[in-house]
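Reading through the structure tokens given below for one structure.
The values are calculated or read from the model by the stated rules, or taken from the named source; none is laboratory data. Note that this is a predicted model, so its numbers are computed, not measured. We place every Cβ from the backbone using ideal geometry, glycine too, and count neighbours over all the protein chains shown. Each accessible area value is taken on the protein alone, full model and side chains, heavy atoms only, with ligands, DNA and RNA left out. Shrake-Rupley method; radii C 1.70, N 1.55, O 1.52, S 1.80 Å.
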Amino acid sequence: MLETIPLARQSTESIERIYITMRHLFYRGKYKINGTTGVALRNLLLKLDPEIYGSMNNPHKVELDGLLYVLDRLPQGIEECSFINLTANEGLDEAIFTPIIPPKRRRNCYRIDEDQMNIEIMRGRSEIYDILTHLTFFYNEADKIRRRAFTDGGANKTRIWQKIEEVVMHKTGISRRERDIALIHLANILGRTFQETLLAYKLFATDQQKDRLFHIVYWMGELSQKDVLDIKDREVSFTTTLRAEIGHHISGEKWANQIKSALLKHDLHERPLHIISSNMHSVLNMLFAHDALAKTFEQRAELGVYQDISAVKNREMRKRVKDFALENNLIYLDDKSGANIHVQILDLKKVNLGNSPLQHINYEGDDVLIVMDYAFGEQAFEVMDELLKPYKGKTTFKMNVKSISIMGKAGILEGKKGDIMVPTSHVYEGTADNYPFQNALSASDFKGYRLGVSQGMMVTVLGTSLQNKSLLSFFKNTSWSAIGLEMEGAHYQKAIQIASKIRNHIDSNVVVRYAYYASDNPLETGSTLASGGLGLTGVKPTYLITQRILEQILNPTLPQ
């Protein structure tokens, strides 16, 4: 134990220095990847050695799982661009550019020309830090590729690199034999076995680009080489508008006013309101799926329909449920503010519960649900703070909020993917901000379902991609006794406490509920976020948490 504490302190210091460096770069306006501060940022990340980036610190191996994780969150084609420009919403959607949306992050990106990629930042500082961390890892791996692909300080191509270039520049595709030969050469460049490289080749492939791994590796190495030879510097910049707007709740205020206007329009603004931060499917499916699909709810097979709906191939089934809900009083707000958080509003008085897991509740209330999609990091404070403010327009009204429920996914420190965590407090990493609260949910709400359940303190981290084993072990094994880590809890609770206890925007006795399902275990090899998603493993905890939240809203006599 005594040996790990100094390492944890070093890690904490590294994280703090990374964020100070990133903030400095942001306000300066730009930085070069191989400039003094760019190199300093990379060295800090290497010193920290986050779990999610695997073998980043091994100079002889390119980290493939981490690379796939990062590229799923960055725009397609970024490997070809030397200039990355982070912007606010500055009207590019009105130009001829087609937005590029990464598979695992809802953000608009635009390829301006062959050298420049613009990325819109609409989720606050956490999004900036997230992107800069991913880019730092990305450029570190690119330099590994360059060192194995070129000789004489980058001046001359190796024979193997020339073979890779031939594959990338081959416009008509390659044969199976040519591909296997090229994969052997690629494995040499990556410092990986043929088997590892073949698996990565399949994971990186898309329907449009089967040979995507070759393409990515080639351009990563080429741009690194041009940077070293001063032919074309790699650079990250931030627009003046972004630097002026960040932290001022501009998109959050627009987002919240859109919701309040909808409540007023449908005469729901004076009704008891229950805010649920989760996703856009679990509440919807629990209330409408069985009727929409003409299936009778059966207690012994309650997850059957939800597993079917959640399967990737069943897109048409999901559409049927959503269309049915829209025909039966669901109000859907497609976000236009730039916050990228869609919202559903449901008048529970008009919902039929008779063919759902909630059929046992004799509900006679007039509550209204506001279901909001996931926020990202610090953005959670911005949107919740704005949502809880009174509405001021032609009609002024106070938000009649009775409960706020947060269901999220988080990293677990003792358990496995799919387990449930019930927090009793949120501790904000790297600060003195601690948020104890009375959680209306408890571990006992989830017993007897063959799921691991833990209850205790959770850490709200500055970024999931900045955590390493020594730091997480410290939170878990010392008197902190942390059960997990996530990115939004402290920010939500800060907004709730300010609104209820300081600014009197909502009643001080508002009920709060927090529960998370484990998307990964960062302390377990092969179970980090970079190892892949939950798949159908997440269905059971997601719907169990959703059911418990709805049961408490529908039946206030339950223990709160």
Quick one: would you say Leu369 is within 18 Å of Ile259 (Cα to Cα), touching a residue at least 60 places away in the same chain (Cβ under 8 Å), crowded, with 20+ Cβ neighbours inside 10 Å and touching a helix residue (DSSP H, G or I) at 6+ places or on another chain (Cβ under 7 Å)? yes
Qualifying residue in segment 535-550 (condition: open to solvent by less than 10 Å² (accessible area, probe 1.4 Å), out of contact with any Lys or Arg (no Cβ under 8 Å at 6 or more places or on another chain), modelled with pLDDT of 95 or more and part of a strand (DSSP E or B)): no
Check off (1) touching a strand residue (DSSP E or B) at 6+ places or on another chain (Cβ under 6 Å); (2) within 18 Å of Trp255 (Cβ to Cβ); (3) touching a residue at least 40 places away in the same chain (Cβ under 8 Å) for Tyr332 and give me the number that stays unchecked. (3)
May I ask you to list pairs of residues, at least six apart or on different chains, whose Cβ atoms are under 6 Å apart, with the first in segment 59-84 being at pLDDT 95 or above and the second being β-branched (Val, Ile, Thr)? Pro75/Ile100; Gln76/Ile100; Glu79/Ile216; Ile84/Val236
Return the residues of segment 63-86 that are within 13 Å of Thr239 (Cα to Cα) and buried (at least 22 other Cβ atoms within 10 Å of the Cβ); say none if nothing qualifies. Ile84, Leu86
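Listed here are the residues, each with its yes/no results for (1) farther than 16 Å from Leu544 by Cα; (2) open to solvent by 40 Å² or more (accessible area, probe 1.4 Å); (3) modelled with pLDDT under 95.
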site: Glu414; (1), (2), (3): yes, yes, yes
site: Asn439; (1), (2), (3): yes, no, no
site: Gly448; (1), (2), (3): no, yes, yes
site: Val453; (1), (2), (3): no, no, no
site: Val459; (1), (2), (3): yes, no, no
Restricting attention to segment 75-99, report how many residues are touching a Phe, Trp or Tyr at 6+ places or on another chain (Cβ under 7 Å) and either assigned to a helix (DSSP H, G or I) or more than 20 Å from Thr136 (Cβ to Cβ) (or both). 5
Top-ranked residue of segment 470-505 - restricted to ones that are among the aliphatic types (A, V, I, L, M) and more than 29 Å from Gly252 (Cβ to Cβ), ranked as most open to solvent (accessible area, probe 1.4 Å): Ile483
Residue in segment 135-145 that is open to solvent by 20 Å² or more (accessible area, probe 1.4 Å) and more than 17 Å from Tyr69 (Cα to Cα) present: no
For the structure I just gave you, tell me whether Val236 is in contact (Cβ under 8 Å) with a residue 40 or more places away in the chain, farther than 17 Å from Glu63 by Cα and open to solvent by less than 20 Å² (accessible area, probe 1.4 Å). yes
Restricting to segment 6-25, what's the tally of residues that are touching a Phe, Trp or Tyr at 6+ places or on another chain (Cβ under 9 Å), open to solvent by less than 30 Å² (accessible area, probe 1.4 Å) and either at positive phi or of a type outside the set (S, T, N, Q) (or both)? 5
Applying the selection to segment 236-260, what residues are of a type in the set (Phe, Trp, Tyr) and closer than 14 Å to Gly338 by Cα? Trp255
Search result, residues across segment 26-42 that are open to solvent by 30 Å² or more (accessible area, probe 1.4 Å), touching a residue at least 24 places away in the same chain (Cβ under 8 Å) and under 18 Å from Leu86 (Cα atoms): Tyr27, Lys30, Lys32
With Leu268, Leu203 as the choices, which residue is of a type in the set (A, V, I, L, M, F, W, C), at pLDDT 95 or above and either in contact with a Pro (Cβ under 6 Å, 6 or more places away or on another chain) or part of a loop (DSSP other than H, G, I, E, B) (or both)? Leu268
